[in-house]
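So the structure is just underneath, and the comments pick up after that.
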Amino acid sequence: MSDRALTLDALLDMSPVLNGQDVVRLAARHLLLGQLKAQPSVRDVFFPGHDRDPVYGDRVDSAAAEWFNFDDYAATFVCQAIVRAGDDFEIHSLLNEAAIDEKLQALHNGPDWKKLGFTLYTMLFSDLVRDEVTKVSFKRYLGIDKNQNYSATWAKRICEAVGEKSWSCKYLNLMATGVLSFAEFGRQMNVLFVKLHLLDPTTVMPTFDRLAKVFPRLTLDLATNNYLGDPLEWTLIRDEVRRAVNAPSKASNVSKMSVDDIELYFGIRVCEFIMLDAKRLGLWTGTYPDNKRISRFRDRCKVM
């Protein structure tokens with residue numbers, strides 16, 4: 001595809017919103033969930049066989065692992081799901097729900113949650129955002145191997161375009177007539193700043209300063225916007241957690257053909273996870289489960 005397919009109008013019109021949904025945000029949340037499932041503290045017990053995203057998994061670690069503890073977050077998130085899902089063996093009672101909620105709330109309200117969202121969002125933006133008509137992706141404007149001069153040229157053209165009086169008048173008119181709310185205008189400008197950040201970060205502040213003179217209420221939320229949105233719902237992993245909690249175990253020396261009563265213990269590996277990882281995070285209550293059940297021979301018999 002030649003460079004003639006790339007136009008300034010298409011670049012300005014590109015949006016992450018499709019059918020009312022921010023597809024980049026949805027993809028970022030999905031990527032985060034996959035990253036959590038692959039953490040060593042939870043993977044083998046709750047998500048066996050799950051691997052990180054083959055394209056983005058290593059990139060996420062390289063970008064965020066030094067300042068964001070994915071393993072601790074994954075363990076706390078799973079603990080929340082265990083408590084909320086409940087069980088008949090009192091395994092959920094081994095966990096301090098208040099401590100779990102406090103730890104997650106502190107994370108979701110802290111700067112690292114927004115920083116992580118910004119990292120994932122900008123990582124996915126160039127691949128997922130594209131012109132609706134030509135289907136040309138934003139990534140094409142970054143040039144081959146993200147050539148700095150090539151992308152900087154497009155950033156400069158954006159700066160020049162939004163500096164035109166006609167551009168500002170168009171948005172002032174839309175807001176004055178009630179067609180566009182200021183909140184929506186702010187969201188659109190944040191997308192514009194994301195584009196500039198990816199094309200040439202040095203153009204973000206000068207462009208904002210220029211726009212702020214025309215739109216004094218405009219704020220630069222590029223790095224502080226909540227790109228991930230609300231916390232991940234524990235129901236996303238409910239089935240896997242319940243499967244692990246309800247997994248029966250018996251002594252290794254007991255034959256399947258035994259006519260004796262068999263002692264079964266449920267959720268053994270979940271209990272081990274709680275007494276190791278949850279305890280390390282200060283989430284274990286110090287209690288023990290009621291997870292032993294007797295399997296009687298007559299109950300195991302089937303009439304052929």
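The values are calculated or read from the model by the stated rules, or taken from the named source; none is laboratory data. Everything numeric here is computed off the predicted structure, so don't read it as measured data. Here the Cβ positions follow ideal geometry from the backbone for every residue, glycine too, while neighbour counts run over all protein chains shown. Each accessible area value is taken on the protein alone, full model and side chains, heavy atoms only, with ligands, DNA and RNA left out. Shrake-Rupley method; radii C 1.70, N 1.55, O 1.52, S 1.80 Å.
When the distances between all Cα atoms of the stretch 77-236 are binned every 10 Å from zero, what whole-number percent does each bin get?
Reading upward from the zero bin: 9, 28, 28, 17, 12, 6, 1.
Which value, in debye to the nearest 20, gives the size of the charge dipole of the chain about its Cα centre, when Lys and Arg are +1 and Asp and Glu are -1 at the Cβ?
That gives a dipole near 460 debye.
If I take R0 = 25 Å and measure r between the Cβ atoms of Leu276 and Trp67 in this structure, what FRET efficiency does the formula 1/(1 + (r/R0)^6) give, to the nearest 0.05?
So, using R0 = 25 Å, E works out to roughly 0.55.
Over the stretch 86-194, what percent of the accessible surface lies on carbon and sulfur atoms, probe 1.4 Å?
51 percent
Report Glu272's accessible area, 1.4 Å probe, all protein chains in place, as a number in Å² to the nearest 10.
100 Å²
By how many nm would the segment from Asp44 to Thr202 grow when fully extended, if each residue of separation counts as 0.36 nm and the alpha-carbon distance is taken off?
Working it through step by step, the gained length comes to 52.5 nm.
Given a cut-off of under 8 Å on Cα pairs at least six residues apart, what relative contact order in percent is computed for the stretch 1-122?
Once normalised by length, the contact order is 23 percent.
Just to confirm a number: summing +1 for Lys and Arg and -1 for Asp and Glu over residues other than Asp71 whose beta-carbon lies under 12 angstrom from that of Asp71, what do you get?
So the surrounding residues net to 0.
Could you give the angle, 0 to 90 degrees to the nearest 10, between helix 97-108's Cα long axis and the longest principal axis of the Cα atoms of the chain?
20 degrees
I'd like the FRET efficiency for Leu18 and Asp53, computed as 1/(1 + (r/R0)^6) with the beta carbon distance as r and R0 of 25 Å, rounded to 0.05.
0.75
What FRET efficiency, computed as 1/(1 + (r/R0)^6) with R0 = 45 Å and r the Cβ-Cβ distance, is obtained for Ala152 and Asn226, rounded to the nearest 0.05?
The pair Ala152/Asn226 has a calculated efficiency of 0.95.
Order Asp61, Asp200, Asp290, most accessible first, counting only protein heavy atoms with a 1.4 angstrom probe.
The ranking, largest first, comes out as Asp290, Asp61, Asp200.
Only Cα pairs under 8 Å and at least 6 apart count here; give the relative contact order of the chain as a rounded whole percent.
26 percent.
Spelling out what I want: for every residue of the stretch 53-70, take phi, set θ = phi - 60°, compute 6.51 cos²θ - 1.76 cosθ + 1.60 (Karplus), and round to whole Hz; glycine and proline get x.
Each residue's phi maps through the Karplus curve to give 4, x, 8, 9, x, 5, 5, 5, 4, 4, 7, 10, 4, 6, 10, 10, 8, 5 Hz.
Tell me what the chain gives for mean residue ellipticity at 222 nm when only DSSP H runs of n ≥ 4 count, each as -39,500 (n - 2.57), the sum divided by the residue total, rounded to 500 deg cm²/dmol.
Computed ellipticity for the chain at 222 nm equals -15000 deg cm²/dmol.
Once you have the Cα-Cα distance between Lys139 and Leu180, take 0.36 nm times their residue separation minus that, and quote the gain in nm to one decimal.
Additional length available on full extension: 11.9 nm.
³J(HN,Hα) across the stretch 129-139 via Karplus (A = 6.51, B = -1.76, C = 1.60, θ = phi - 60°), whole Hz, x for Gly/Pro?
My calculation for the stretch 129-139 gives 8, 8, 6, 5, 7, 8, 6, 6, 7, 4, 4 Hz in order.
Please give the residues of the stretch 167-192, grouped as numeric ranges, whose backbone N is less than 18 Å from a label point set 7 Å along the Cα-to-Cβ vector of Lys213.
Under cut-off, by backbone N: 167-172.
Which whole-number percentage describes the relative contact order of the stretch 81-229, with Cα contacts under 8 Å and a sequence gap of 6 or more?
28 percent
Roughly how many nanometres apart are two label points built 7 Å out from the Cα toward the Cβ at Asn246 and Tyr288?
With each label placed 7 Å out from Cα toward Cβ, I get 2.6 nm.
Please give the helix 111-128 orientation as an angle from the longest Cα principal axis of the chain, in degrees from 0 to 90, rounded to the nearest 10.
The answer is roughly 70 degrees.
Compute the distribution of all C-alpha to C-alpha distances in the stretch 157-285, in bins of 5 Å from 0, and list the percent of pairs in each, rounded to whole numbers.
Going from the shortest bin to the longest, the percentages are 2, 8, 12, 12, 10, 6, 5, 5, 6, 7, 7, 6, 5, 4, 3, 2, 1, 0.
Ignoring ligands, DNA and RNA, how do Lys195, Lys37, Lys103, Lys165 rank by accessible area with a 1.4 Å probe, largest first?
My answer, sorted largest first, is Lys165, Lys103, Lys37, Lys195.
For percent of Cα pairs over 37 Å apart, one of [x] 36; [y] 17; [z] 30 was computed from the structure I shared and the rest are decoys. Which label?
[x]
Evaluate the distance, in nm, between pseudo-label points positioned 7 Å from the Cα of Glu132 and of Leu264 along their respective Cα→Cβ axes.
5.5 nm
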